[in-house]
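In what follows, a structure is listed as C-alpha cells, so that the remarks can point back to it.
The values are calculated or read from the model by the stated rules, or taken from the named source; none is laboratory data. Remember, it's a predicted structure, so these values are computed and weren't measured experimentally. Cβ: placed from backbone, ideal geometry, glycine included. Neighbour counts: every protein chain shown. Side chains included, ligands, DNA and RNA excluded: accessible areas come from the protein's heavy atoms. Shrake-Rupley method; radii C 1.70, N 1.55, O 1.52, S 1.80 Å.
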Amino acid sequence: MKYMGSKRTMLKNGLGDVIDKSIASAPKVYDLFTGSGAVASHIAQRYQKAVIAVDLQTFAVVLAKSVLERDSAIADNSWICRWFARASAVQDMAMLKAASDLQESLITLEPEVAAALARKIATETENHPITSAYGGYYFSPLQSMWLDDLRRTLPKVKEHKDIALACLVRAASSCAAAPGHTAQPFKANPTAGPFLIEAWLRNLPKIVRETALFLSTQYAKVKGRSFVMDANIAAHDVQEDDLVFLDPPYSDVHYSRFYHVLETVARGEVGSIKGSGRYPPQEERPRSDYSLRTQSRTALDGLLSTLASRGANVLMTFPAGQASNGLSGAEVIEASSKHFKLIETKVTSRLSTLGGDRKHRAARQDSEELILYLSAK
Ligand SMILES: C[S@@+](CC[C@H](N)C(=O)[O-])C[C@H]1O[C@@H](n2cnc3c(N)ncnc32)[C@H](O)[C@@H]1O
C-alpha cells in the first residue's frame, strides 16, 4: 500500500539488516508509529516474536491487525463469497442501477458531466456514509456504494472481519481519485479530469476480492496485537529488553490531513464533510504532537525517556537533515544519546518521495534517512 514515509523499501535497504542484528534477545517487539504496518508485518512474518503495533489512526491499526493478530493462513476462502452475497443483498436497487449506468458510460463522458451526474447520485443517497461524503469526488458512486455495502455487512468471525476491513482500506487507497494520498481529489477539469475518470473506472469489488485472497495467506509467526493509541502512552507498557521500532512523523502537516478518507472507511462513519478536500470536522481528525513545531521536541524526549526507564532497546528512523516539524537528524541523535547508548548509526537513501513534503523540505534532505540502533544504558 502507498503510504507517506512507508519504510517498506528501506527494509531491503539497511533497515532489515539492523532488525536482524537487534531482535534476537527481544521478548516482544513494538512498532509505535505503525502507519502502513509494513515494518510490523515484516517482523511478525519472519521472527518468532509477538509484535504490538500502535498508531493514532484507526486505518493504520486495521492494516496491521489483518496480519499481526493471526498465526495461520486461512485455508477456506468461502467466507469471501458469503460476504459479497450479504453486501449484494442489502444493495439499494434504484441506486445500484443509477450507479452502474453511470459507471458504464464513464468512458464516453466529459469529466465535468460525469462528476455532476456522480455527485447528484451521491447527494440523493441515504444511509451510505462513504457515498454521501466522497461519491463523485474520490470515488465513483458504484465504487463508494460497494465500500458502504461491504462495510456494513462485514463478517462476524474476527479473523475474517480483520481481513475484510483491511481489504476495504487497501481497495479505497488503490481506487481513490487523488494523487498518492487523499488530501484533495482530482478536479473534473481538462487537466486532472482524465485521471479522475481513470481512477473511477477501477474495479473496486475485484480489488477487494483479490486483496482478501492475498491477506488470507499472510500471518504472524506469533500472535501480536494492534491498538489505536498515542505512542507516548503505549510506551509505558513496554518491558525490559523489548525491541521498539520508532518511525515518528517529521512533517508539520498532520497525517490525518492526507488520510481522512481511509480513516472514514476504517471507522464506518464520518461527521459533516467540508470543502473541496471533503474533510471531516477537526475534532474527528487525529492530531499529533510530533507534527507541531512547538511540541515535537518535547514529545520525542518524553517518549525516549519512558522507553529508557522501561529498559527497552530502540530502532529509530528519521530524516538525516532538517525536517518541517522542527526536528533535525542531529537533534534526534542528541536526544537519543541522552537516554540510550548509541550502538549503530546508519545513513541510507529513501527511495520514496513524500506527497506534500516537497513544499516543506529540500529534495536533497528528502533522500537521506538515519537508522539508529539504541540500547538501554
Ligand atoms: C512516518 S509514519 C510511519 C510509517 C510506517 N513506519 C510505515 O512503514 O508505513 C508516522 C505514523 O505515526 C502516526 N502517529 C503520529 N503521531 C503519533 C502518536 N503520537 N502516536 C502514535 N502514532 C502516531 C501517524 O498516524 C503515521 O501513521
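Residues checked against (1) of a type in the set (Phe, Trp, Tyr); (2) part of a helix (DSSP H, G or I); (3) over 16 Å from residue 300 (Cβ atoms):
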residue	(1), (2), (3)
240	no, no, yes
248	no, no, no
252	no, no, no
258	yes, yes, yes
266	no, yes, yes
270	no, no, yes
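Criterion first (open to solvent by less than 10 Å² (accessible area, probe 1.4 Å) and either modelled with pLDDT under 95 or near the ligand (Cβ under 8 Å from one of its atoms) (or both)) does residue 254 satisfy it? Judged against the criteria, residue 254 is not a match. Highlighted here are the helices (runs of 4 or more DSSP H) found entirely within the range 63-147 that include at least 2 residues which are among the hydroxyl-bearing types (Ser, Thr, Tyr) and out of contact with any Ser or Thr (no Cβ under 7 Å at 6 or more places or on another chain): 78-90, 93-105.
One line per residue, one yes/no per condition, for (1) acidic (Asp, Glu); (2) open to solvent by less than 40 Å² (accessible area, probe 1.4 Å); (3) within 18 Å of residue 60 (Cα to Cα); (4) modelled with pLDDT of 95 or more:
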residue: 265; (1), (2), (3), (4): no, yes, yes, yes
residue: 272; (1), (2), (3), (4): no, no, no, no
residue: 276; (1), (2), (3), (4): no, no, no, no
residue: 285; (1), (2), (3), (4): no, no, yes, no
residue: 288; (1), (2), (3), (4): no, yes, yes, no
residue: 292; (1), (2), (3), (4): no, no, no, no
residue: 303; (1), (2), (3), (4): no, yes, no, yes
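When the residues of the range 1-40 are narrowed to those that are hydroxyl-bearing (Ser, Thr, Tyr) and over 18 Å from residue 231 (Cβ atoms), which ends up nearest to the ligand (Cβ to nearest atom)? Top of the filtered list is 9.
For the range 272-303, a residue qualifies if it is away from the ligand (no atom under 13 Å from the Cβ), closer than 30 Å to residue 335 by Cβ and part of a helix (DSSP H, G or I), and the qualifying residues are 282, 297, 301. Counting only residues that are among the aliphatic types (A, V, I, L, M), over 16 Å from residue 60 (Cβ atoms) and touching a strand residue (DSSP E or B) at 6+ places or on another chain (Cβ under 9 Å), the range 234-263 holds 4 of them. If the condition is being of a type in the set (Val, Ile, Thr) and over 28 Å from the mean Cα position of the chain (by Cα), then the range 77-95 contributes only 90. Scan the range 148-169 residue by residue and report those that are in a loop (DSSP other than H, G, I, E, B) and either open to solvent by less than 40 Å² (accessible area, probe 1.4 Å) or under 22 Å from residue 272 (Cβ atoms) (or both). Passing the criteria: 152, 153, 154, 155.
The single condition from (1) under 25 Å from residue 209 (Cβ atoms); (2) open to solvent by 40 Å² or more (accessible area, probe 1.4 Å) that residue 110 fails is (1).
So, in the range 49-94, of the ones that are hydroxyl-bearing (Ser, Thr, Tyr) and open to solvent by 10 Å² or more (accessible area, probe 1.4 Å), which residue ends up farthest from residue 248 (Cα to Cα)?
The qualifying residue farthest from residue 248 (Cα to Cα) is 88.
For residue 126, the conditions (1) under 25 Å from the mean Cα position of the chain (by Cα); (2) acidic (Asp, Glu); (3) open to solvent by 20 Å² or more (accessible area, probe 1.4 Å) are fulfilled apart from (1).
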